[in-house]
1. Out of the strands (runs of 3 or more DSSP E) lying entirely within segment 38-155, which hold 2 or more residues that are buried (at least 18 other Cβ atoms within 10 Å of the Cβ) and not hydroxyl-bearing (S, T, Y)?
2. Considering only segment 46-62, state which residues are in contact with a Ser or Thr (Cβ under 9 Å, 6 or more places away or on another chain) and not charged (D, E, K, R).
3. Take I75 and tell me if it is modelled with pLDDT under 95, among the aliphatic types (A, V, I, L, M) and within 14 Å of E145 (Cβ to Cβ).
4. For segment 33-65, which residues satisfy the criterion of being of a type in the set (V, I, T) and farther than 20 Å from E128 by Cβ?
Amino acid sequence: MKSMIHLTLVTFSAIAGIAIAPSPAKAENADRDTMTQPLTELSDGTHFYGEVGDPKQGGSAYSIFTKNGETVRGIYYIYQTGNITCYRGKVRPKAIDNADVATPSRAAYGFSDASPWDFYQNETVDLEGFQKLATAQIPDTAIDEFKECQNLDYR
């Protein structure tokens with residue numbers, strides 16, 4: 001079953017079991033499309049996008065990804081909440097399609113009977129409405145989580 005991770009609405013696929021309410025700043029700007037350059041036209045390398053211009057606004061959604069040709073590996077997170085999703089997929093103008101997605105599982109919360117990640121396939125990560133931010137602004141905690149996502153084996 002294909003589902004969509006709506007980053008513009010700050011919600012995850014219901015199958016992942018995570019639901020996050022839109023941040024007030026994003027709700028006010030829901031109709032504004034701030035993405036000026038299609039993702040497909042970005043150079044290869046690391047890119048940082050946010051739903052707001054402040055890279056450390058609590059409760060706001062961000063995405064860091066590395067683009068290599070049509071393939072991207074990245075992280076979506078909500079600052080200061082611990083909510084992260086790792087992804088790998090194909091770049092489209094305003095989204096990542098056919099994404100393999102990983103979310104922390106019960107093991108991340110201290111349950112010893114679970115693997116550290118839950119994996120989902122054929123997802124879409126929608127970045128419409130996000131704005132490009134300087135990679136120098138990426139918070140240290142996000143860099144550490146991003147590195148962990150880069151090393152995931154999506155099977």
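The values are calculated or read from the model by the stated rules, or taken from the named source; none is laboratory data. The model shown is predicted, which means the values in this text are computed figures rather than measured ones. Cβ atoms come from the backbone with ideal geometry, glycine included; neighbour counts cover every protein chain shown.
1. Strands (runs of 3 or more DSSP E) meeting the threshold: 45-50, 61-68, 71-78, 83-91, 95-104, 117-126.
2. T46, H47, F48, Y49, G50, V52, G53, Q57, G58, G59, S60, A61
3. So I75 does not fit the description; no.
4. Result: T46, single match.
Yes/no per residue for (1) of a type in the set (A, V, I, L, M, F, W, C); (2) at pLDDT 50 or above:
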residue: I15; (1), (2): yes, no
residue: D33; (1), (2): no, no
residue: Q37; (1), (2): no, yes
residue: G59; (1), (2): no, yes
